[in-house]
Amino acid sequence: MKKIIVKISLLFLLLISLQACFVAKEFTTPELEELQEENYRTENIVSDTLSLAEVSWKEMFTDPVLQNHINKGLEQNNDIRVAIQQILASEAYFKQGKAGYFPTLSTRAQYSHQELARNSQFGSFFNNAIDQYELTANLSWEADIWGKIRSTERAAQASYLQTVAAHQAVKTKLIANIASVYYQMLTVDKQMEITTRTIATREKSLETSRALKEAGTITEVSVQQTEALLYAAQAILIDLKNQAYLLENTMSILLGEMPHEIERTALEKQQITTDLTVGVPSQLLSNRPDIIAAELNLRNAFELTNVARANFYPSLTLTAGGGLQSLQFEELLSANSLFANIITGLTQPIFNGRRIKTQFEVSKAQQEQARLAFKQAIIVASKEISDAMYSYTAATEKIEIKEKEYRAYELATQYSEELLNNGLANYLEVLRSEENTLNTSLDLISARNSQLQSVVSLYEALGGGWR
């Protein structure tokens, strides 16, 4: 028995020493030209080592009603819940990958009854029947000589972390969507308010124009023009109400609820007080969850390529079995019923229908696909950041111009009314001024919404919200 223990110990030490002969390569994040700062076109907004992505969404969106909607969405949104379940499933595979280093152990309790032919070799000796009782245990272990088990574990770890990053990406997207829809609702509310006031004004204008027509001051053409403008404003209001209704339904879905009315404040109460700093480009790798997930997907493919490469090499296994075996149940626990066996084997694939080579070639192709997907994620990120920054600058400039345009049309309306009262202007000039004033005021509100939307887009593009 001592000799057997010594031999097993020597074999175990030999297998441990062979594990130093790894063929698995170490993963390193590829250096891509797309990470160069000049590729991000950040000249429109201040760059800093502190990125907007590191700002909490509660500090970013200070409206308490909006904060309540975001909290509710993070708790109830179905996409968030699905992502959590994906994490749990991936975590189970990760635990399984970590267990690959340990031996497998199985036990078995068995009773067998065999009827023998009377004229057979053992038939007369065993009285035509054999009853056998067994209690056995089997232990099996594979030496990770080529790093296959280690690579499998790392691939499972990368897959698990990828689902975590995917969950973070869903959170970022959800927060941005809730804020975006919320601002759109406030924009529509403000446009409905202005349109409703315009309708009331035009109803009075229609009454005035009819009176002026009776007095012979204007013609029926002017009356019909005034009436047409009233109908146009009423049609705009219908469209705005429909848009508000649909936005409420969209927000309800984001909150994980059935469609219902959505509580909200007012557009003029929305203030973005956080400095818009984008950070250095390398921060994208630690801030944007989708880029993190793409890198982890590349790492998973890289480790699976290691596994496929290791399949070309022989595998060394150690199998041990033992237990109790007896023809009589009452003697099963006797020392004479003990048995044991130890088997060590070296298996080298030679011909297997090209399966191993095919698997390796497919793994390499999938690894290259993952690398290109990682590169594409960075390229898309640079576009989204550049788009959001430029849109913010453009919207801010447009607000200034639209405010000037609105004041100009307001003065034009006042002057044309004074000229009309003094008989120095045509009534159609007044109508045109009023129409231009309405359109400009609606455009001004849209520009304000574009500014808020660009801030939300920049926050999302930088990977904010999930921390």
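The values are calculated or read from the model by the stated rules, or taken from the named source; none is laboratory data. The shown structure was predicted, so the numbers you read here are calculated from the model rather than taken from an experiment. For the accessible areas, the whole protein counts, side chains as well, though only heavy atoms, and no ligand, DNA or RNA atoms are used. Shrake-Rupley method; radii C 1.70, N 1.55, O 1.52, S 1.80 Å.
For the reader, a short list of remarks on this structure follows.
- The convex hull built on the alpha-carbon positions of region 305-367 has an orientation-averaged projected area of 7.0 nm².
- The residues R309, R432, sorted by heavy-atom accessible surface at 1.4 Å with ligands and nucleic acids left out, run R432, R309 from largest to smallest.
- Note on L229: accessible area is roughly 30 Å² with a 1.4 Å probe, heavy atoms of protein only.
- The heavy atoms of M185 offer some 0 square angstrom of accessible surface to a 1.4 angstrom probe.
- When the inverse distances between all different Cα atoms of region 288-436 are averaged and flipped, the Kirkwood radius reads 24.4 angstrom.
- Value of relative contact order over region 295-404, rounded to a whole percent, pairs C-alpha under 8 Å and six or more apart: 32 percent
- Nearest-10 value in Å² for the accessible area of W141, using the 1.4 Å probe: 40 Å²
- Rounded to the nearest whole Hz, the Karplus-based 3J(HN,Hα) values (6.51 cos²θ - 1.76 cosθ + 1.60, θ = phi - 60°) of region 452-467 follow the sequence 5, 5, 5, 5, 4, 5, 5, 4, 5, 5, 7, x, x, x, 8, 6, with x at glycine and proline.
- Under 13 Å from the Cα of K190 - aspartates and glutamates, other chains or at least 8 residues apart: E268, D443
- Sorted from greatest to least, the principal axis extents spanned by the alpha carbons of region 203-261 come out as 61, 15, 9 Å.
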